[in-house]
Amino acid sequence: MNYLDYLIILGYSLGFLYLGYRFKDNASGEDYFLGGKSLGWFPLAMSTAATQLSAISFISAPAFVGLKENGGMQWLTFEFGVPIAMLLVMSIIIPPLYRSGMVSIYEFLEKRFDKSSRLLISLVFQISRALGTGVMVYTMAIILESVFQISFTSTILLVAVITMIYS
């Protein structure tokens, strides 16, 4: 990599941190999750869909499809199913949830069932996100290690520091 590559990465990182700082003020859960209801349901649905995409999706999906012995086509059908599921979520679930004024699906679960349902599903989600985030940080650290030629531990710390500053 040359200095221009490093400059682009630095500029991207600083822009990312600036966005986190710029939009950090949220008066309420509605302000944070629903954008203060100033955007409408469609941009929020697109944001939901975008959270499902990551570099890992683009790297791992073709590898599973192309390299998995006797199972590539089965994995491919799953990869085609995710965008279809996201379209259904975006068009069927998000509009009425948005109109109802509820901030999250967990609030809906509590109103529809009870608080224990909300807590159980929240716990399952937190565990799955913790595991998923671990995989993402690990994958990102491998990539950064090879690109920057620094130790694996340093790349983990770099990702952690940038994430904590952003958050």
Kindly indicate whether any position in segment 104-126 is closer than 30 Å to residue 5 by Cα and surrounded by 12 or more Cβ atoms within 10 Å (Cβ to Cβ).
no
So the helices (runs of 4 or more DSSP H) completely within segment 88-151 holding 1 or more residues that are within 30 Å of residue 9 (Cβ to Cβ) are 115-148
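No value in this document is a laboratory result; all are computed from the given coordinates. This one's a predicted model, so the numbers in the text were calculated from it and none came from an experiment. Cβ coordinates were reconstructed from backbone atoms using ideal geometry, including for glycine residues, and neighbour counts include every protein chain displayed.
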